[in-house]
Each structure stands twice: as structure tokens, then as C-alpha cells.
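The values are calculated or read from the model by the stated rules, or taken from the named source; none is laboratory data. Only a predicted model underlies this, so the values are computations on that prediction, with no experimental measurement involved. Note that each Cβ is placed from the backbone with ideal geometry, even for glycine, and that neighbours are counted across all protein chains shown. Only protein heavy atoms, including side chains, enter the accessible area calculation; ligands, DNA and RNA are left aside. Shrake-Rupley method; radii C 1.70, N 1.55, O 1.52, S 1.80 Å.
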Protein chains: 10
Amino acid sequence: MEQSKAIIVNQFLSAKRKAGKTFNEIAKETGLTNVYVAQLLRRQAILTPETASKLKAALPHLSDELVDEMMKPPMRSYDPNLIQEPAIYRLNEAVMHFGESIKDIINEQFGDGIMSAIDFYCSVDKVKGVDGKDRVVITFDGKFLPYTEQVSTFVVAHYN
Amino acid sequence: MEQSKAIIVNQFLSAKRKAGKTFNEIAKETGLTNVYVAQLLRRQAILTPETASKLKAALPHLSDELVDEMMKPPMRSYDPNLIQEPAIYRLNEAVMHFGESIKDIINEQFGDGIMSAIDFYCSVDKVKGVDGKDRVVITFDGKFLPYTEQVSTFVVAHYN
Amino acid sequence: MEQSKAIIVNQFLSAKRKAGKTFNEIAKETGLTNVYVAQLLRRQAILTPETASKLKAALPHLSDELVDEMMKPPMRSYDPNLIQEPAIYRLNEAVMHFGESIKDIINEQFGDGIMSAIDFYCSVDKVKGVDGKDRVVITFDGKFLPYTEQVSTFVVAHYN
Amino acid sequence: MEQSKAIIVNQFLSAKRKAGKTFNEIAKETGLTNVYVAQLLRRQAILTPETASKLKAALPHLSDELVDEMMKPPMRSYDPNLIQEPAIYRLNEAVMHFGESIKDIINEQFGDGIMSAIDFYCSVDKVKGVDGKDRVVITFDGKFLPYTEQVSTFVVAHYN
Amino acid sequence: MEQSKAIIVNQFLSAKRKAGKTFNEIAKETGLTNVYVAQLLRRQAILTPETASKLKAALPHLSDELVDEMMKPPMRSYDPNLIQEPAIYRLNEAVMHFGESIKDIINEQFGDGIMSAIDFYCSVDKVKGVDGKDRVVITFDGKFLPYTEQVSTFVVAHYN
Amino acid sequence: MEQSKAIIVNQFLSAKRKAGKTFNEIAKETGLTNVYVAQLLRRQAILTPETASKLKAALPHLSDELVDEMMKPPMRSYDPNLIQEPAIYRLNEAVMHFGESIKDIINEQFGDGIMSAIDFYCSVDKVKGVDGKDRVVITFDGKFLPYTEQVSTFVVAHYN
Amino acid sequence: MEQSKAIIVNQFLSAKRKAGKTFNEIAKETGLTNVYVAQLLRRQAILTPETASKLKAALPHLSDELVDEMMKPPMRSYDPNLIQEPAIYRLNEAVMHFGESIKDIINEQFGDGIMSAIDFYCSVDKVKGVDGKDRVVITFDGKFLPYTEQVSTFVVAHYN
Amino acid sequence: MEQSKAIIVNQFLSAKRKAGKTFNEIAKETGLTNVYVAQLLRRQAILTPETASKLKAALPHLSDELVDEMMKPPMRSYDPNLIQEPAIYRLNEAVMHFGESIKDIINEQFGDGIMSAIDFYCSVDKVKGVDGKDRVVITFDGKFLPYTEQVSTFVVAHYN
Amino acid sequence: MEQSKAIIVNQFLSAKRKAGKTFNEIAKETGLTNVYVAQLLRRQAILTPETASKLKAALPHLSDELVDEMMKPPMRSYDPNLIQEPAIYRLNEAVMHFGESIKDIINEQFGDGIMSAIDFYCSVDKVKGVDGKDRVVITFDGKFLPYTEQVSTFVVAHYN
Amino acid sequence: MEQSKAIIVNQFLSAKRKAGKTFNEIAKETGLTNVYVAQLLRRQAILTPETASKLKAALPHLSDELVDEMMKPPMRSYDPNLIQEPAIYRLNEAVMHFGESIKDIINEQFGDGIMSAIDFYCSVDKVKGVDGKDRVVITFDGKFLPYTEQVSTFVVAHYN
């Protein structure tokens, strides 16, 4: 992560610590998913004007300047070594080992296209398994984007 | 993918084509998730004896020899270039960009630990969004594995 | 490129050679962009039923079996060494060196979001520069995809 | 990006913020493409003496020293992790997946050669699609460079 | 290793140096394995409340603030160049060269599954070989995690 | 793995399948560790003349030619993609995340040196944990190799 | 190198062996540089119609079919491991170690721009050094390409 | 580039700026090639005592301490990202695409051996092409190093 | 190289400069090989108590604190870009190109095993070749480590 | 290794097996170092006409055709995975960990320059250590190549 982004993220996370609230609590107060709250605090998502006032109410130590920063389109990024973290590696392992199967089923159910990672929701939930043990449920919910047929109905650039 | 594994996978997928059934239909007949059916056919999961008969019923062109092969622990693998496929890249992008947030929430909800990728369920579903458009919902559901404190209650190896 | 895909692509390109037509001529006959025609012949795009008959008319040596193959969702891929080709490297160089600027302008003109690579058109055109020399004009035209705010209006998976 | 380059770029972008103008506005005042304006401010392009006065008029907070810096040939560079940014990855994905097709069409239309990335124009535009939704149009316009036949009409180095 | 983590680890290791105790001595006083003690001091493992008081007794120079830090879930990481160290490379060499054999035997003894790296113990011991020379014995002891069959007994997300 | 090595390994493993014995059973008959048996069959270890007759007794389908092959020093190797296999990745994860700690303890217990990966034993065992569940115990047991001080007591090469 | 390209290159080089001529001899007969002759035979350059008859005269075993192949725009490529070859590594070493200096001098002598690798000549010559020993002289001679200022004199694509 | 090397290089280049001379002018005054002058100023080459006084005369702002630094064998290095710079990439592209041809011709003209990158001259020159346009001519001139046959005429090390 | 290690190495090398002695002179005074002296000063080897007093006599500016540091087991490391240095690349080239041959001869002369890099001597010497020119002789002298047969004479860990 | 090279190497090594001689025996009969003999048989070195007859005498099963092949300049190469082999990795480890020290001593003893890897001898020998155990001695003996000062005494290419 670039130096200046890291500094801002620390200030965001500090406001959360001072508020003494969990991601789930902030999610409830703002009407967002818990993951989206975390993404906002890590400068990986943009804050809309409508939600800004709710977030300021939830995190009173967030200065107006920091809220303004959160409302600009971020440069999305990650440290490539992040994949070393077992919690994150397991997700990557699942995606790569299940990838072809997931694509096959999307194609069969929807046709030729992909799940959008932009018009996309994510949440992390805690459920009980049949053995009574805790389970982590991560939901990826993205708009289906069909490949478009590229018809030649546009006129290309030319010089004046 | 190694040569011999590719040959077997082609035979598995051919049995599905001959049966003329979707992954969802086979899932319903076998009581499995649709992704697990696809993983079996790609030799990325093991078939249990209880499910073997149901799968044979669902895919009549699957020879006994192929079913036996499916009941051995597979060598799980993927072609590293698979990440070029847009459908699979989007999943990887989501995991890497959302990774730290997901870990933060797991830690907050469950404590120090990870979502298992072994005691793990995955399914792909089709839902309608509020705009009436199709959405892809991918569910990752894994047992929470807490890190254990390594207490020194075992005796180490020594020579006789 | 995987072995079997390479074989099919050779058959597609052979049908074009036998027809003795350029990409532009086939584009005109099918109503597609010239790049989309090339993508179809390289098994990087899917053929729609409406266009199939036009393509068969344009490329009479294309067997029905090959046309059927073209109508399945392809596994999109490329040889990583392709970037060695100077014609392709120059494109990559432009994208990487201009990348931040392009993102800045998209953000300023459209807000937080990206150009889709799925709902996406591409064409290659030949124009004359002010010095009378030939210029290559490559047009990338993709739908703007705004990042969605992830509101918590969906209910997560739970066991029955 | 190297330390000293990053510092200068921040000063350039600060002059733009103080002027309160968009890339398009500066482009109109200077007669440049919007992307070229952004490249100048990111120290990825050189400023010509003719345009310098127009840019100074457009961005009054740009000191003479900074303008002088902008008139030296830059070291062109990018952070390899930039490809993580979805807006930039999509461009790269398009280039790599469409690369062979684009080369084929260039060869068919122009002969053996490439699109120059040096005598090269780029712009980002906002258009409406047939569904009334916004689309991003990125135009790459480069001189065609034919491969030269290397005839042996020059005399090589020798010692005096 | 990230800057701030390195600073904390230096403070942890300094507390050990001031106490003048070996990893084995601290292990004995805390009831942990020697490797787990080292992992705690390198911020690669979490300290439980039960063990915290024992560790504070063993390492009196450890401030309460540092102990609190040790009780948060850590970001697990390593410098990729660590593999250059001969002591660590030899372990990696053994794992990669023996990997397929170890998997084969796990599959034969336990069925389809893996050794957990989370519910996992590790210790380093010193024994005498038959030639009277010192030998290093490293014990990896992890819970067996069987792959689960993914039965379709859960209901997926849908919108309200 | 190189082509010819893969062919021989298949013949070795086929002899095991025909004998219908587990690695543990062959280990017991030959007096070797179970991992060493597997390494022999994967052409990653050398067979000694003393053990050859025991192995031939244990695996009667092993031809004399194959036994001769097993008695030559092998080219030790592995497919770099092997690390994708979860069973093997977990080992690698443990080694890399625990690496510095293991080195610290070796240095404290033994002084400056490493665990040999050549004069090295490995075994895989099945034990019951305190919760009655199966655990995998992998033992790495290598000679301690102290770094030698390089005293200048040898005379270097010179021409006659 | 791709399979089919390797086969054609072998046929080209075979025609040279049968003719029993050196690259220099063929260069003299065709009026090309010696390096360009070699590039033609390795399918890394295109043959012009004017030169085709001279090359056929120089290499009588070159079939018309092979000559036709040589007249198509090639896919330019190289095996990344080629850099292992000491003769080629030394060139790469020189380019990377001298790179910044060469750029500095080009910028000082010519302004902001690059040496074209497309309108480009290369030859290898043998000269005597002042010590009477053989020296290899490699000449790179490319057109200077100045960066163009991107003026906004073109109209972008729009839909009809 | 390492921190301390970068600082020294900046001081060298500053002395050149203060002298207000081009690389070619300094080359003329010192009797060196223009590239060697640049390499000296980038701490990639060593200054000989004979040339030191000429360089001091040419660059009066070069302190004695800096000249002393220039007379020590440097650690030769480059930033791997340097290859992003189009001016440097084009050189690398030429070397890799022409590599096999250059080797073939060296072997044919000189026998088995390479061009030295140590006893090596390099210069950058500006010439006019037949179309009257500027061309960059880069000359690599290195001693031919024949591979030696390794005859066994030396006696190896043994202990006293 | 990590920050703190680099600082210590600079202090070590400074003590050498102040003493005004060559590696060979220090080697003679301490009874070590010249390479081992250099490794000590680069914090890549450990200093024994017996040699410490000799080294202090040879390098009087070495403080007691620095000598103590030198007597701790070091973290052995190198900058991966070090391979760019021609002097070091040539060694790597030799090792990789001659590697299989060296292994073959070790196997033929000694049996299955390797040359230890731990019980290992290295020296650099200057000799005259038959042509009277200087030659560099680098001697690698390591203990032969035979692979051990892993007999099952140890008892594994189990819980009490 | 490329396919055709591997085939020839197998034929070379087969001739050695049929002769039933060691590398040392062939070295003695041909007057070469043992490593050079192995390099010839692995197609990594060129055979001189003077030595050809001795080699044919030593290896009578070597056909004239194979000997002719050995007399052509080879394409020197290695499989990058070769570094996995412990015998070869140890050499690489030594070179990288000792690299800076070796360069320092070469610079101190010889001045600015490198050890040639072309005018280069290598041998593997077996000696007894002071503890009576076998040691491997690998000798690298290369001509010292001083960096040349690049004086501007040559005239560059120009057009006629």
C-alpha cells in the first residue's frame, strides 16, 4: 500500500476504535453490508453523499476532512504479499480450485458472461453448522454481465 | 493440468453431455451442491460410496471404472493461466481487494482463526436484483477454524 | 493456448482463407465489428444464433459442427508470451503508461467506476494523418460500470 | 514511482486542484487531448515551448520552475502493481485477449508493421449507448510503422 | 515485514533478552511449545488470556501495552526472501521434495484430507543420533481435516 | 516432472498396486520409514543393495531392471505447481510462517548451523488428539550441521 | 517457439545448409544485412517481393511454398530461456546496464523520443582491435521517433 | 538503485549541469566515448588515473572526493523496472528478437564464442537516413572471446 | 539487505578501511580464508571466540560491541538483484550451465549425495595462466554429504 | 532442454555407458578436465578437431555423425527447475551468499573486472578432510577480464 493511503487508513481505523463499535454495528447504523463498511475504512470503496451523514453519526471521531477524502474515487490496491495470510490464502485457494466449475455453472445458468465485481455485494456472516460449530458464510453477489455482440453500428474517429 | 487427469476429466464431462443434464439437475438427483457436482466431474473432489450410486443413476454413461477413479483422493490442481479467464479473474479480484476486510470481520465475529477451505461448501445461484436483472450469487460456507494455542503436552521422538 | 482450442482455431482460420475474404469484408456481411469477427475465429467470443446464418453465408467452408462449437461460451485465454510481439507490446505499453491518466479522466467525467470489458466494442480502422501517412485507430468502447454502494438489503444463507 | 518524481507530480496535481478545472477544460484551453493533459501532470509526457504559455494560463499556480521541469524529457514509468486497479486491469485484459485479432487486422489492412506508441494520440470520451446509458470511449490513434527491409547500404565501424 | 510490525517484534524480543531466558525456559514456565513462544514474540500467534499472566511472569519487561497487542489476531506474514536463509530453505526443500509422498501416505492412512496448519502444533527438539551426533527433530502435529461432501442442505440468499 | 522419470514412477507405483500393500506395510517389511518407501517409489531416493532384496520380496512385481534403476542416484525434482495442492501448501505455509522461529530455536539450542536435509529422516504418523480426533504427525529429523570456520590450511590450484 | 513455426524455421535453415553459403554470402547476393538474412530464415522478418527472387537464386532449395510463407507478416517471438545463452545474455547485460546512459544521450542529441525498433537496421561485423585481436561490432541503426504532442484535432466516435 | 549510490550519482550529474556541457562535449575533452562518460556519471564504470585530470578539467565542480569515489570499482546495477522506459525497452526488444540471429552470425564468422561485455565499447551517434530524417546509431563493439577447451593441465587443491 | 544489517556491515567495513589492510592480509593474521574474512565483515558468517582476539588485533577499530554482534548466528541473506552484477552473474552462469555435469561427476566419484554448503571452504586466488595473464581461481571445498537411508528405528510422538 | 538436444545428449551418454568408463577415465585419455568431458556429452561445450580423435578412441560407440554434431557451436541452456536439485542448489546458494565477498576480493587483488566464464576451467575432485572424511573440491579457474576504458578512437557507421 502506498505511504499516503496507509496514513489515511490508519486514521479511519482509529475513528472506529474510538467509537468502540464493530463492523456489524456500523453496518446496521448505516444500512451497508459489514464488508462495505470495512472497505470504506480501508479506502477501497467510495462513500456516497447519502450515507456520509449516517457514517459520521456512527463514527463521531471522523473529521469532515476525512469524510471528504472518503468521497473521492479511490485507487484500489493490495499488497501482493497479502496472499501469505492464511485467512486470505484459503479464499484464493477456493477461487482457483473451484474456478472452472463456477464458470461452467454460470455459463449453464446464465449463458456467456461473468459475475460483475463492480456491481457487487459482499458480506460475512456467522452461522451454526449441523454439528453446532461456527461456520463462516461469505456471500459474493454480483450482477450478471452478458458478453455483448459487437455490431458495427458506430462510426469511427476521423480528422477534421 | 497433467495429461492423464485431462483425459479422465474429458470422459467425465462426456458422460454429462450424453446424459443431457445440467449441473443443477444432477445436483438435485444426488443431493449435492451444483459446484460439488462440477468439482467431481473435473476430478477436484472425491466421491463417497453413499453418493456413488446416485451419481451412476444420474449419469448412466459413467462406467464403473470411471466411478472407481472418482472415489480416490484426487491431486487438486489448476492451470495458473486460468486467472486470465474474466469470469475467474473477477473472483480473484474480489478476494484480493476485499481480503483484509473479510479477515477483519472474521476476527471480530469469531476471534483469531480462518474459514476452512476443506470443510467447505460452495454453490452458485441465480437471483433477481431490485432492478429485475439477473445476479450471480456465489456462497462460500466454511467451518471456522480457530488457531490453537500450542501447549507442550506431547512427548517428542527419540531413538530406541 | 490449449491443444484442442488451437486445433479448432486453425479450422476457423482455414475457412476464412478458403473464402478469400478479409476481416473487414466479413464484418460488412455480418454486421459485426472487424475485431469481433477475428475474435470469433480465434474462439475468444461467442456466436449468437441470429448472426450464425450470416457468418455461414460469409464463410461457406465453415461446417455446421464448427458453427455449433462457436456458439458455446468459450474459455477466454492467451499465451503470456504474446506480449513479446511488438504490435501487442505497444498496446500494453500504452495502457500501462497511460493507465492512471485514463482512470483519472473516467473518474472526473463519470464518477467512481470503470469501463466494462464485457459490454465492450472494439474496432481497428485505417485513417490518414495530417502528414498524409497511414494511422491505426483502435477504438475501445465499453459501458461505464459505476461501483454500487453495498446496502444490506439481502438475507444470507442459513441451514434448514 | 521514484520518490522525486512522485513529489513533482503531487505539485503538478495540486496546481490543477487550485485552478479548480477538469482535464477537459484544460484540454480545451491548451488545444491538447484530455489524456495528454493528464500525462503532462503525471510527468509522463513532455511540454513543448508553444504549449507552455497556454498551460501556464490555464494553471496559474504552476511555478516557472515546475514548467521548466515539464519541458525536460521524462523517465516514463509505472508501478507494476497498478494493474491491480480494476479500471486499468480491464484495459489490460482487453489488450491481451484481443491482441492477436488486432494484430491480424493491422496486418491485413496495412501490411507488416505496428501501431506506434510514440507518434500516438489518446483520448477518453463520454457517449450515450443505444440503451441511453453512459459509455466510455477510449481512442488509440498511432502512426502505422511498417517494418523496413534492412538493405546493406551502410558501412560499418572500423578503427583509425 | 511491515514497518510497524517490525517495531513491535523488536520490543518483544528485547523483553526476552532482558529476561535472559531461552525459548525452552519460557516454554516450560508457560506450558507452551518452544516454537509457539517464538511465534508469540514474532507476532505470528495470538496470546490467550489464560497464558498472558504466565508470560508476563516469565518476561517481566513486557509492558501491559505490549501484552495487549499480543492478544489481538495478528496479520500473519513473512518476507519472501526469507527462503534464502539456508536453515529455512532446507525445510522448504524437504517439504517440496517429500510433498507428494507425504500426501500419498496421509491419503492412505486417513483418507481424502489434509493436515491442518491452524489446529497445529510445532516443536524443535535436540536428540542424539546413533553416531552420538546432535540431531534436530522438528515435529509438525496438525489435526486431520477430511474433505466434506457438499450436500445441498442450505438455502441461498435472496432479496426481500 | 520429466517425461522418462514419470514413466518409471508409474511402473514403480503399479508394482505397489499389484502387491496390494500400504506404504506402512512395505515400511515394516523393509525396515524403512513410510516416507522413504514412498520416496523410493517416486524416484526421489536411492535404494541400497542391502535393502534391495527386502524391497523385491515386498513388491514381487518389481522387475530386476526397475530395481537397478532405483539403485542409481536420482535427479531430485518436483513440479512447481505442486504447491497448489492443499495438503502440500499447508506444509509450505507452516514452514514459511514458522521459519524464523525454528531458526531462532535451532540457533539457541545448537549454535550457528542448520538441520540437514540430506542426513534426514521423515515419517508420517496417525495419532489421536485429546479430543479423540485423528491428528497427522510429521516428523523431520535431520543431523545438525554446524557452520565451519574456514581456516586457511589448504593450498590452492596452480599450473605445472 | 510454437511447434509449427519451429518446423518451418528448420526447413529454412536446411535450405541454407544445402546451399552451403554463409549469412554474409547470402547478404551480398541479396543486398540485405547479414542479420536480416538470419531473421528471414528464423521467420522473424518479412520477405518483400523484390527480394524474393534474389533469395530464391541464393538458396535454390527453398521451395515456392516456403517463399510464400516468408512473405506473410510473421508472429515475432522468442523463448524466454534464450537469455540463458551467454552470447545473448551479454547483449542483454549491456542494454540494461547502459540503458539509462543511452537514453540520456539520445535525449540530449535528439530531444524527447526513442530509437525505433521497427524502422531498424542491424548488422554484425568482424574487425581487428588495436591489439590485433578480433572484435565483434554490432550496429543498431533505428529511425529517431520523436514523441508527438497530442493536439485535440480529431473528432471521436459517436453512434448513428 | 541503492540509496547511497543514488546520492552520489545526483552529485555527479549536478557537476555536469553546472558545467553546462553535453555528453559529447565532455567526451571530446576527455577522449572517451559519449556513453562511457555517461556511465562514469552514473557510477557504472571506473575512472582511470590518466583520465581523472581530464575529467576534472571538463567538470570543474567535481570535488576531489567525488573523483576518488569514481576511481573505485563500482557495484554495477539497474532498477528492473527500467525496462518499462520505451527507449530502453526497444533496445531489449531488438536484442531478444534478434538474439539467435546475432549468435548464429558470430558463430559463423568467429567460431564458438561470444562478444565480451567487459572489453566493450559503446557509442550513440546521430546520422541522417536516406529520407533525410534523423537516425540513432548505437554501436556495440566487444572483444571476441572464444570458448577455451579445458585441458587438464592444472593440479587441484589438497590439504597440507 | 535489511536496514539494521546494512548499518552494521558499514561499520565492519569501515573498521577494515581504517586499518588499511586487504582481505588477504587480515586472512593471514587470523588464519582464515580471504573469503571467510569478507563474509565476517558482511555479517554472513559467525566469529568464533578463538578467532575473535586475532580479528580484534587485525582490525583495532572494531569495537567490543561490534565483535559481540559478529559472534551471534547471522540471518544469511542477499539482495536478489545482486545477480545483475557481472562478476556475480558469471559465477551463477557457470553453476547453472555446468550444474548437471558437476552432479554427474560427484555421483560417479562419491555416490548419491551432495557437496555441503555449510561445512564448506571458499577462497579466491590469483594465478598466472600459460599465456602469462592473470587468472581468478575460486575454490569451493565442501564435505561430501551422502543421502542416508531412512530406517524406521525411531519412535514417534504421542500424547501423554 | 529442447527436444532435439535431449535426443542427442541421450545418444552421447549412451556411448559413455557402452564404453563403461568414468568421466575421470575419459578425461585422462583425452587430456581434458572431467567437467569438460561431461559438458561435451551434455552438448554444452564444443569439441575441437585435435581432441576429436582422442574422444573417438575413448568412446568407440560414438558415431562420426555424433562427433560432427559435437564440433558445432552449441546453444547453451539449462532447465530453470534444475535449481531444485539439492546438489545444484547448494552451489547456487554458495555463489549468491558469497557473491559480494568474492567480488570484493577480486577487486582488491586484480582491480575492476571479472572472472571470465568463457576462458574458464572447471574440475571436480575428491580429497580427504582433516577428519578423514571425503570432501568435494570444485575449482573455478577463469581468466581475469579487466573493464576497458572506452576511448573514442573509432569512427561510427555512416551511409554512403
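Annotation for segment E:44-51: at least one member residue is over 28 Å from B:S101 (Cβ atoms) and either out of contact with any Pro (no Cβ under 8 Å at 6 or more places or on another chain) or at pLDDT 95 or above (or both). Scanning segment D:87-111 for residues that are over 18 Å from the mean Cα position of the chain (by Cα) and surrounded by fewer than 20 Cβ atoms within 10 Å (Cβ to Cβ) yields D:N107, D:E108, D:Q109, D:F110, D:G111.
This table checks each residue for (1) facing another protein chain (nearest Cβ under 8 Å); (2) farther than 25 Å from J:G113 by Cβ; (3) small (G, A, S).
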{"site": "H:T33", "(1), (2), (3)": "yes, no, no"}
{"site": "H:A38", "(1), (2), (3)": "yes, no, yes"}
{"site": "H:R43", "(1), (2), (3)": "no, no, no"}
{"site": "H:K54", "(1), (2), (3)": "no, no, no"}
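The single residue among D:G99, D:G132 that is among the small types (G, A, S), closer than 29 Å to G:P74 by Cα and outside the structural domain of D:P49 (by TED's automatic domain parsing) turns out to be D:G99.
Candidates are the residues of segment H:39-61 that are open to solvent by 20 Å² or more (accessible area, probe 1.4 Å) and within 15 Å of J:P146 (Cβ to Cβ); the one that is nearest to the chain's Cα centre (by Cα) is H:I46. How about segment E:69-86: which of its residues are free of Cβ contacts under 8 Å to residues at least 12 places away in the same chain, open to solvent by 20 Å² or more (accessible area, probe 1.4 Å) and facing chain F (nearest Cβ under 8 Å)? Of everything in segment E:69-86, just one residue is free of Cβ contacts under 8 Å to residues at least 12 places away in the same chain, open to solvent by 20 Å² or more (accessible area, probe 1.4 Å) and facing chain F (nearest Cβ under 8 Å), namely E:I83. E:T48 falls short on exactly one of the conditions (1) within 26 Å of E:V136 (Cβ to Cβ); (2) without any contact (Cβ under 8 Å) to a residue 60 or more places away in the chain, and that condition is (1). Residues of segment C:6-24 that are of a type outside the set (S, T, Y) and without any contact (Cβ under 8 Å) to a residue 24 or more places away in the chain: C:A6, C:I7, C:N10, C:R17, C:G20, C:F23, C:N24.
Screening A:V124 against (1) open to solvent by 10 Å² or more (accessible area, probe 1.4 Å); (2) of a type in the set (V, I, T); (3) in contact (Cβ under 8 Å) with a residue 40 or more places away in the chain leaves a single unmet condition, (1).
Going through (1) over 30 Å from B:D104 (Cα atoms); (2) in contact with a helix residue (DSSP H, G or I) (Cβ under 6 Å, 6 or more places away or on another chain); (3) hydrophobic (A, V, I, L, M, F, W, C) one by one, E:M96 falls short only on (2).
For segment E:88-110, state whether one or more residues are closer than 30 Å to B:M70 by Cα and touching a His at 6+ places or on another chain (Cβ under 9 Å). For segment E:88-110, residues closer than 30 Å to B:M70 by Cα and touching a His at 6+ places or on another chain (Cβ under 9 Å): absent. For C:G129, state whether it is out of contact with any His (no Cβ under 9 Å at 6 or more places or on another chain), within 11 Å of chain D (Cβ to nearest Cβ) and surrounded by fewer than 21 Cβ atoms within 10 Å (Cβ to Cβ). In short, yes. Being outside the structural domain of A:F23 (by TED's automatic domain parsing), within 30 Å of B:K128 (Cβ to Cβ) and not basic (K, R), is that true of even one residue in segment A:81-90? Taking every residue of segment A:81-90 in turn, none turns out to be outside the structural domain of A:F23 (by TED's automatic domain parsing), within 30 Å of B:K128 (Cβ to Cβ) and not basic (K, R).
Note on segment C:137-159: residues that are at pLDDT 80 or above and among the β-branched types (V, I, T) total 5. Checking each residue in segment D:114-150 for being more than 11 Å from C:F144 (Cβ to Cβ) and acidic (D, E) picks out D:D119, D:D125, D:D131, D:D141, D:E149. Filtered by the rule that a residue be in contact (Cβ under 8 Å) with a residue 12 or more places away in the chain and facing chain A (nearest Cβ under 7 Å), segment B:87-115 gives B:L91, B:I106, B:F110, B:I114, B:M115.
The condition of being closer than 17 Å to G:S123 by Cα and of a type in the set (G, A, S) holds for only one of G:A57, G:A38, that being G:A38.
What are the residues in segment J:132-147 that are over 12 Å from I:F140 (Cα atoms) and either open to solvent by less than 30 Å² (accessible area, probe 1.4 Å) or more than 7 Å from every other protein chain (Cβ to nearest Cβ) (or both), if any?
The initial filter retains those residues of segment J:132-147 that are over 12 Å from I:F140 (Cα atoms), namely J:132-134, J:142-147.
Within segment J:132-147, J:G132, J:G142, J:F144, J:L145, J:P146 meet the criteria.
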